[in-house]
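Some notes on the structure that comes next.
Every number here is computed from the coordinates shown, using simple stated rules; none is lab data. Since the model is a prediction, treat every value here as computed from it, not as a measurement. Quick reminder, even Gly has a Cβ in these numbers, built from the backbone with ideal geometry, and neighbours come from all protein chains shown.
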Ligand SMILES: [Fe+2]
Ligand SMILES: [Fe+2]
């Protein structure tokens with residue numbers, strides 16, 4: 001009863017919350033790396049990233065979280081790829 | 001030269017209004033067409049589709065789209081297609097469109113596509129009804145794409161692009177966990193492109209993937225998921241007259257039709 005829930009399942013529950021909730025986020029990598037949880041990928045905005053990390057801190061409370069989440073650029077490209 | 005702008009996985013929510021519009025407004029200078037490779041919305045709601053419509057309505061270039069899995073999430077894919085259509089977006093599903101570009105005919109064939117995996121590691125149409133339905137959906141999408149590409153050959157397009165959401169090849173999934181490849185694409189899409197012929201394949205869906213790939217038959221593949229390209233869109237320059245036949249390894253009647261013009 002009082003054994004802690006395995007971290008693997010907690011990560012999956014976090015991934016379910018990411019996908020099922022307001023964020024509808026399925027594109028981030030979330031995995032166990034040693035004793036900590038790595039969250040990696042690209043999101044549309046800084047506010048969105050904050051919401052992802054807030055959810056992570058709630059769902060994965062007590063675990064070390066390593067976040068490498070970048071915000072995707074919205075600028076026009078400065079060059080084209082030529083396909084001869 | 002044909003200048004193709006493309007982006008997928010913009011995942012616009014109701015709070016995303018205006019995010020891409022400033023970049024899209026510059027398309028008149030840099031591109032002849034804008035392709036949207038699916039996952040245009042976050043939850044697949046009509047309200048989000050309206051945000052997408054506002055981002056692309058009245059742009060100086062034609063806009064052609066396929067939907068992605070997120071655009072199906074609220075079971076509103078038909079309504080979304082309609083909202084985008086009202087904004088002038090050509091939404092393809094097993095269908096094609098021809099766009100005249102500087103005296104040549106650019107054809108775009110599109111389907112959402114689906115998963116199932118890649119040769120040697122792919123799902124088969126076998127067993128439980130839901131498993132058979134899974135594979136059959138992927139097969140239906142690929143067949144729709146092949147039909148649409150052949151249509152474009154019949155309509156004498158000098159350049160043909162295959163637009164999908166799911167990936168036709170594993171190359172552009174590099175960076176994604178290997179274990180989820182079967183959920184990211186299907187070789188059936190590549191086979192359709194190689195059979196019917198295409199000059200370029202554009203897809204999204206794999207946010208952690210890579211931009212460049214090629215089908216077994218030699219069609220160049222680009223993953224334009226916004227997290228991958230890191231820009232509002234990518235631009236590709238195609239050269240209708242100088243192109244080698246996409247079906248060089250296996251000449252087909254439709255492949256030779258391509259070069260008739
Ligand atoms: Fe996506
Ligand atoms: Fe997707």
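Between residue A:54 and residue B:122, what FRET efficiency comes out of the Förster formula 1/(1 + (r/R0)^6) with R0 = 56 Å and r the beta carbon distance, rounded to 0.05?
Values: r = 39 Å, r/R0 = 0.69.
Once rounded, the FRET efficiency stands at 0.90.
Counting partner chain Cβ atoms within 10 Å of every residue's Cβ in B:23-31, what's the average?
2
To the nearest Å, what is the center-to-center distance of the stretch B:109-159 and the stretch B:160-194, using C-alpha atoms only?
Taking the Cα centre of the stretch B:160-194 as reference, the centre of the stretch B:109-159 is 11 Å away.
Which percent, nearest 5, of DSSP beta bridges in chain B are antiparallel?
Counting DSSP beta bridges with both partners in chain B, the antiparallel share is about 35 percent.
Over the stretch B:2-241, what is the relative contact order in whole percent, taking alpha-carbon pairs under 8 Å and six or more residues apart?
Working: 626 pairs, mean separation 51.5, N = 240.
It comes to 21 percent, rounded to a whole number.
Using the 2.2 N^0.38 Å rule of thumb for compact globular proteins, work out how the stretch A:28-73 stacks up: its C-alpha Rg over that value, please.
1.11
Hey, in the GNM for chain B with a 10 angstrom Cα cutoff, which one of B:164, B:111, B:41 fluctuates hardest?
Looking only at B:164, B:111, B:41, the largest GNM fluctuation is found for B:41.
If I take every Cα pair under 8 Å that is 6 or more residues apart in the stretch B:149-230, average their sequence separation and divide by the length, what percent do I get for the relative contact order?
Computed value for the stretch B:149-230: 33 percent relative contact order.
Roughly how many whole Å is it from the C-alpha centroid of the stretch A:1-15 to that of the stretch B:1-62?
Centre-to-centre distance over Cα atoms comes out at 39 Å.
Which of B:162, B:192, B:174 moves most in a GNM of chain B, Cα contacts under 10 Å?
Looking only at B:162, B:192, B:174, the biggest GNM fluctuation is shown by B:174.
Under a crude label model (7 Å from the Cα following the beta-carbon direction), how far is residue A:66 from residue B:156 in nanometres?
That separation, rounded to one decimal, is 6.0 nm.
Which whole number gives the average, over all residues in A:34-45, of C-beta atoms from other chains lying within 10 Å of the residue C-beta?
Numbers: counts 0, 0, 0, 0, 0, 0, 2, 4, 8, 3, 12, 4.
Counting other chains' Cβ atoms within 10 Å and averaging over A:34-45 gives 3.
For Cα pairs less than 8 Å apart in space and 6+ apart in sequence, what is the mean separation divided by the residue count of the stretch B:70-162, i.e. the relative contact order in percent?
It rounds to 32 percent for the stretch B:70-162.
Considering only DSSP beta bridges with both partners in the protein assembly as shown, what is the antiparallel share in %, to the nearest 5?
35
Any idea what angle helix A:46-59 forms with the longest principal axis of chain A, computed on alpha-carbon atoms, 0 to 90 degrees, nearest 10?
Computed tilt is about 20 degrees.
Could you give P(r) for chain B, binned at 10 Å from zero, as whole percent values over all Cα-Cα pairs?
For chain B, the pair-distance distribution reads 8, 34, 38, 18, 3, 0.
Using the alpha carbon gyration tensor of the stretch B:92-138, what are the three equivalent-ellipsoid semi-axes (square root of 5 times each eigenvalue), largest first, in whole Å?
34, 12, 5
Given the options B:167, B:186, B:122, which has the most mean-square fluctuation in a GNM of chain B, springs set between C-alpha atoms less than 10 angstrom apart?
Evaluated over chain B, the most mobile residue of the options is B:122.
With each pseudo-label sitting 7 Å past Cα toward Cβ, what's the residue B:131-residue B:180 distance in nm, one decimal?
Label at residue B:131, label at residue B:180, 2.3 nm between them.
Report, to the nearest 10°, how far helix A:7-20 tilts away from the longest principal axis of the Cα atoms in chain A, using its own Cα long axis and a range of 0 to 90°.
Its long axis makes an angle of about 50 degrees.
What is the mean number of Cβ atoms from other protein chains located within 10 Å of the Cβ atom of each residue in peptide A:65-76, rounded to a whole number?
Per residue, the number of nearby Cβ atoms from other chains is 5 on average.
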